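Enquirer: Sharing a structure with you now.
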Amino acid sequence: MIINKEGIRDPEGEAIKNYIINKVTDKVKEVKAGKYLSFSVDVKEESEAIELVKKIAYEDRLYNPIVHRIIVRAEKIENSSN
């Protein structure tokens, strides 16, 4: 996920929050909008997958490190054909 760093204004998240508060409930305190990228990689270890995706994100500038932060999570998907 790519989201704005703390202290960086998030107009899209603010608009969604205002809509929810005005139309649904006033119990929502914060909404953050961002990008969700999904990678499927062929590696042996979860830590290797995380490091590979971080490397791609940092080196290939998939985000703006001045205003964004990234969150990388890994999930093992079993190949059903094996």
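Enquirer: Give all pairs with beta carbons closer than 8 Å in which a residue from the range 46-57 that is more than 13 Å from GLU75 (Cα to Cα) meets a residue that is among the β-branched types (Val, Ile, Thr) and open to solvent by 50 Å² or more (accessible area, probe 1.4 Å); count only pairs at least 6 apart in sequence or on separate chains.
Expert: These pairs meet every condition: LEU52/VAL41.
Enquirer: Among the residues of the range 24-34, are any open to solvent by 70 Å² or more (accessible area, probe 1.4 Å), of a type outside the set (D, E, K, R) and modelled with pLDDT of 95 or more? Quick ask: steps written out before the conclusion?
Expert: Looking only at the range 24-34, we keep the residues that are open to solvent by 70 Å² or more (accessible area, probe 1.4 Å), and these are 24, 26-27, 29-30, 32.
Right, trim to of a type outside the set (D, E, K, R) and you get 24.
Then keep just the ones that are modelled with pLDDT of 95 or more; that gives 24.
Yes.
Enquirer: Another question, if that's okay. Looking at the range 8-23, which of its residues are assigned to a loop (DSSP other than H, G, I, E, B) and either open to solvent by less than 100 Å² (accessible area, probe 1.4 Å) or closer than 14 Å to GLU75 by Cβ (or both)? First the steps, then the outcome.
Expert: Filtering the range 8-23 down to residues assigned to a loop (DSSP other than H, G, I, E, B) leaves 8-10.
Once the filter is applied, which keeps residues that are assigned to a loop (DSSP other than H, G, I, E, B) and either open to solvent by less than 100 Å² (accessible area, probe 1.4 Å) or closer than 14 Å to GLU75 by Cβ (or both), the range 8-23 yields ILE8, ASP10.
Enquirer: Which residue is farthest from PRO11 (Cα to Cα), if the candidates are limited to the range 35-82 and must be aromatic (Phe, Trp, Tyr) and open to solvent by 80 Å² or more (accessible area, probe 1.4 Å)?
Expert: Of all residues in the range 35-82, those aromatic (Phe, Trp, Tyr) come to 36, 39, 58, 63.
Checking the rest, the ones that are also open to solvent by 80 Å² or more (accessible area, probe 1.4 Å) come to 36, 39, 58.
Values: TYR36: 17, PHE39: 27, TYR58: 24 Å.
Result: PHE39.
The values are calculated or read from the model by the stated rules, or taken from the named source; none is laboratory data. Predicted model only: the values in this text are computed from it and were never measured. We place every Cβ from the backbone using ideal geometry, glycine too, and count neighbours over all the protein chains shown. When the accessible area is computed, the model is the full protein with side chains, heavy atoms only, and any ligands, DNA or RNA have been set aside. Shrake-Rupley method; radii C 1.70, N 1.55, O 1.52, S 1.80 Å.
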